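In what follows, a single structure is set out as structure tokens and then discussed.
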Amino acid sequence: MTDKTIYPGLIGQMSKKQRRNLALTSISILLLVAFFYLLQNGFLLDNYGIRIVNLCLIYSLVGISLNLIQGYTGQFSLGSAGFMAIGAYVTTLLALSPEVKDTLFYLDPIVPWLADLHLPFLAALVLGGVLTAAAAFLIGIPVFRLKGDYLSVATLGFSEIIRILFVNLQNVTNGATGLKNIPATVNVWWTGTALILAVLFMVRLFRSSYGRSFKAIRNDEFAAEAIGISLMRHKLLAFCTSAFMAGIAGGLMASVVGTINPALFRQSLSNDILLIIVLGGTGTITGSILGGCIFIIAREALRFLDNGFAIGPVTVPAIAGLRMVFFSLLLMIVVLFFQKGLAGGKEFSWDRLIGFPGRVRKSIQRLLHRGDTNE
Amino acid sequence: MATLFQQFTNALALGCLYGLVAVGYSMVYGILHLINFANSSVFMFSMYFAFYSVSVFYLPWYFGLIAMLALTILLGVCIERIAYQPLRSAPRISLTISAIGVAYLLENFATVVFTAVPKSFPDIPFLQEVIVLGNGEWRIQRLVIFVVISMVVLIAALLFFLEHTKMGVATRAVSKDFETSQLMGININAVIRVTFIIGSGLTAFGAFMWGLKYPQISPTVGAMPGTKCFIAAVVGGIGNIKGAVLGGIILGLVEVMLVYFFPGLSGYRDIFAFIILILILLFKPTGLFGAKVTDKA
């Protein structure tokens, strides 16, 4: 996306290509809206399918969130699960009605100040994101004195601390039992809007000085500092923004899944998110979305492996968990042999898509040509 | 007084156990600059190896221990060969991600092969017997003595290896400067393999003793001890063998003694290690006994 920022009034001044791209973008957004509409009204998929689409969108959002801090700013964080947990819990606790809370906290009554607090879902969700960002700020101040592996272990540590706190704060979080009957407010419109907003935000961000500073920090911290970029300020900013997105994703996920408990937010969740961005390719929005969708869809589509299947005469019996083995093998192959991820480290753009057949033709020709000279 | 003594010996045993596994993490980090996340899965597999050799194939426990050691070392070396060696020239982050991927794969693989239903670690009456001292108030499990003695012996052997053998010197050289030692004709891959043999062997020992203390085996059993042992290595100063052992002992003591003195904190037991980690990283990032490192990245 090398083209200059486009303002609506300047359509007349655009090149032919820019005008074409703008048209294509508008059409695809309209198509997306139509897709969401059909989906939400049950024309395309059943409830199970809609749930999968929701999860795809949510995981893509978390993927973008992790990519902001890791792929763009170069700070290796393993704390996504902790931030999702804060978002999910805050949103849920604020969105649940006092009556439901009363029935849920039967072991130990809920703290009084939280019992009657009840907000509309949107407000609860946004507040969830804001509080997650605030937590990230507090964590970030000490943690960003560290770099590299030490940073990743420290973020992992904080994520575990958050989870263990949630297990033990019985009268705030209902402990290990978790919370259920979370209102199923979230539908494809919510998750879709959240993801589109996040993508637009990221695209704008990386044309701003902040975005460029983030990339500078990733590429060379010392050089970035030398040209006057405040490392702490920018790292914190990226971290808090990333946490805000993860918190929103957590809140959305709570509503889609319906029940949450601390075990959901184990370290393995952070690892899942990390593998999503690796699968798609670190440092690209396209990669995060591709990774998130493939992760969720493959996990569901490979379910047949768990139920037993037959290849010709060979019958494979039902083995629980086989799909996850297959899936992790796939991931290892990507990690070892496709280090740029499935998106190849490039961002999606119309120019690339339209130029694709031509590039394929060219590389085939080059291959053929090389064959000639060798003979 | 007697319970304090008992808690103290428990803490010491746990600490020695952390220390042993921490040494493996510390050495691997010292050489490859890799947090070997896969090691927690190796730990878990190791416990299953013990389960199968003793409970399923009815080997006597000492043969079981040997089988477990051999299989764990084989696993560790295979992981290094398949998942880490191809990434020697790749960015460091790829290596870490590969380690996480291996951990993920092994965990899922274990769920398929061993099922998610917890199994129980074999009983070894010889080690679990309780020795009664004095007027019957002072009681020690034989295991505690076994843990402490084997820790001292193993670490002494390791230090001897590192100080007085050619391979050991090569190992230290590689952890000081990867590129230069390569130029000096040291076979990097051999050194790394030896490091993984030592690391996996110590992990197997740790897993064996962990299994006797906490006999439940499941595919996720390695995560907590694995992370804590890495923390122990950081606390002691990464790359430093004695530091890793001391870090482990400190961690074990803090964990057990804090819960003993403040029973209300028992739910937060697993947090202590992380709090210690963060405090250490903030105030003495090189660890308690670590050498001064110029770049922590």
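The values are calculated or read from the model by the stated rules, or taken from the named source; none is laboratory data. These numbers were taken from a predicted model, which means no experiment stands behind them. No Cβ is skipped: glycine too gets one built from the backbone with ideal geometry, and neighbour counts run over all protein chains shown. Quick note on the areas: whole protein, heavy atoms, side chains included, nothing else; ligands and nucleic acids left out. Shrake-Rupley method; radii C 1.70, N 1.55, O 1.52, S 1.80 Å.
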Problem - Condition check for residue A:251: part of a helix (DSSP H, G or I) and farther than 15 Å from residue A:71 by Cβ - result: yes
Problem - The one condition in (1) in a helix (DSSP H, G or I); (2) within 14 Å of another protein chain (Cβ to nearest Cβ); (3) farther than 29 Å from residue A:70 by Cα that residue B:100 fails to fulfil - result: (3)
Exercise for the section: Might you check whether a residue that is aliphatic (A, V, I, L, M) and touching a Phe, Trp or Tyr at 6+ places or on another chain (Cβ under 9 Å) occurs anywhere in the range B:168-184? Expected result: no
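Could you check, for the range A:306-323, whether at least one of its residues is open to solvent by less than 10 Å² (accessible area, probe 1.4 Å) and part of a helix (DSSP H, G or I)?
Applying the first criterion (open to solvent by less than 10 Å² (accessible area, probe 1.4 Å)) to the range A:306-323 yields none.
So far as the range A:306-323 goes, no, none of its residues is open to solvent by less than 10 Å² (accessible area, probe 1.4 Å) and part of a helix (DSSP H, G or I).
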Handout entry: Residue within the range A:194-212 that is more than 9 Å from chain B (Cβ to nearest Cβ), among the polar types (S, T, N, Q) and either farther than 16 Å from residue A:81 by Cβ or open to solvent by 30 Å² or more (accessible area, probe 1.4 Å) (or both) present
Key = yes
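Kindly indicate whether any position in the range A:223-239 is out of contact with any helix residue (DSSP H, G or I) (no Cβ under 6 Å at 6 or more places or on another chain) and among the polar types (S, T, N, Q). Before the answer, list the steps.
Of the residues in the range A:223-239, the ones out of contact with any helix residue (DSSP H, G or I) (no Cβ under 6 Å at 6 or more places or on another chain) are A:223, A:226-228, A:230, A:232-233, A:235, A:237.
Restricting the remaining residues to those that are among the polar types (S, T, N, Q) gives A:230.
Scanning the range A:223-239 turns up at least one residue that is out of contact with any helix residue (DSSP H, G or I) (no Cβ under 6 Å at 6 or more places or on another chain) and among the polar types (S, T, N, Q).
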Exercise for the section: Determine which single condition residue B:156 fails, assuming it passes every other condition in (1) free of Cβ contacts under 8 Å to residues at least 24 places away in the same chain; (2) not in a helix (DSSP H, G or I). Expected result: (2)
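Would it be correct to say that residue A:22 is modelled with pLDDT of 85 or more and either surrounded by 14 or more Cβ atoms within 10 Å (Cβ to Cβ) or aliphatic (A, V, I, L, M) (or both)? Before you say what the answer is, go through the steps one by one.
Details: modelled with pLDDT of 85 or more: no; either surrounded by 14 or more Cβ atoms within 10 Å (Cβ to Cβ) or aliphatic (A, V, I, L, M) (or both): yes.
When the stated conditions are applied, residue A:22 does not pass them.
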Exercise for the section: Go through the range B:42-62 and give me each residue that's open to solvent by 40 Å² or more (accessible area, probe 1.4 Å) and free of Cβ contacts under 8 Å to residues at least 40 places away in the same chain. Expected result: B:52, B:56, B:57, B:58, B:59, B:60, B:62
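Yes or no: the range B:83-95 includes at least one residue that is away from chain A (no Cβ under 14 Å) and either basic (Lys, Arg) or surrounded by fewer than 15 Cβ atoms within 10 Å (Cβ to Cβ) (or both).
The first filter runs over the range B:83-95 and keeps only residues away from chain A (no Cβ under 14 Å), leaving none.
No, because not a single residue in the range B:83-95 is away from chain A (no Cβ under 14 Å) and either basic (Lys, Arg) or surrounded by fewer than 15 Cβ atoms within 10 Å (Cβ to Cβ) (or both).
Any residue in the range B:250-270 that is buried (at least 24 other Cβ atoms within 10 Å of the Cβ) and closer than 20 Å to residue B:149 by Cα? So that I can check it myself, show each step before the final result.
Filtering the range B:250-270 for residues buried (at least 24 other Cβ atoms within 10 Å of the Cβ) gives B:251.
Remaining after also requiring closer than 20 Å to residue B:149 by Cα: B:251.
For the range B:250-270, residues buried (at least 24 other Cβ atoms within 10 Å of the Cβ) and closer than 20 Å to residue B:149 by Cα: present.
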Problem - Cβ-Cβ under 6 Å pairs, at least 6 apart or on other chains, the range A:11-32 side more than 20 Å from residue A:195 (Cα to Cα), far side open to solvent by less than 60 Å² (accessible area, probe 1.4 Å) - result: A:18/A:3; A:21/A:350
Exercise for the section: Return yes or no: is residue B:65 buried (at least 19 other Cβ atoms within 10 Å of the Cβ), more than 14 Å from chain A (Cβ to nearest Cβ) and under 22 Å from residue B:40 (Cβ atoms)? Expected result: yes
Exercise for the section: Just name the residue that is farthest from residue B:198 (Cα to Cα) out of those in the range B:238-290 that are among the aromatic types (Phe, Trp, Tyr) and in a helix (DSSP H, G or I). Expected result: B:261
Completion exercise
Residue hits (the range A:29-51; β-branched (Val, Ile, Thr) and open to solvent by 70 Å² or more (accessible area, probe 1.4 Å)) are A:29
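Looking only at helices (runs of 4 or more DSSP H) that lie completely in the range A:91-152, which have at least 2 residues being surrounded by fewer than 21 Cβ atoms within 10 Å (Cβ to Cβ) and either polar (S, T, N, Q) or within 14 Å of another protein chain (Cβ to nearest Cβ) (or both)?
On the way: elements: A:98-104, A:112-115, A:121-143.
The helices (runs of 4 or more DSSP H) meeting that bar are A:121-143.
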Handout entry: Flag for residue A:166 being among the aromatic types (Phe, Trp, Tyr), in contact with a Ser or Thr (Cβ under 7 Å, 6 or more places away or on another chain) and not in a loop (DSSP other than H, G, I, E, B)
Key = yes
Practice task
Using the structure shown, decide if residue B:77 is more than 25 Å from residue B:55 (Cα to Cα), more than 14 Å from every other protein chain (Cβ to nearest Cβ) and under 22 Å from the mean Cα position of the chain (by Cα).
Solution key: yes
Completion exercise
Of those in the range A:267-278 that are closer than 20 Å to residue A:154 by Cβ and within 8 Å of another protein chain (Cβ to nearest Cβ), the residue least open to solvent (accessible area, probe 1.4 Å) is A:274
Completion exercise
Filtering the range A:324-340 down to residues that are surrounded by 20 or more Cβ atoms within 10 Å (Cβ to Cβ), in contact with a Gly (Cβ under 8 Å, 6 or more places away or on another chain) and within 8 Å of another protein chain (Cβ to nearest Cβ) yields A:328, A:331, A:335
Practice task
State yes or no: is residue A:157 open to solvent by less than 10 Å² (accessible area, probe 1.4 Å), farther than 30 Å from residue A:43 by Cβ, within 14 Å of chain B (Cβ to nearest Cβ) and modelled with pLDDT of 85 or more?
Solution key: yes
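Evaluate the following for residue B:198: is it more than 14 Å from every other protein chain (Cβ to nearest Cβ), open to solvent by less than 50 Å² (accessible area, probe 1.4 Å) and closer than 14 Å to residue B:29 by Cβ? Steps first, answer last, please.
Details: more than 14 Å from every other protein chain (Cβ to nearest Cβ): yes; open to solvent by less than 50 Å² (accessible area, probe 1.4 Å): yes; closer than 14 Å to residue B:29 by Cβ: yes.
Yes: the conditions hold for residue B:198.
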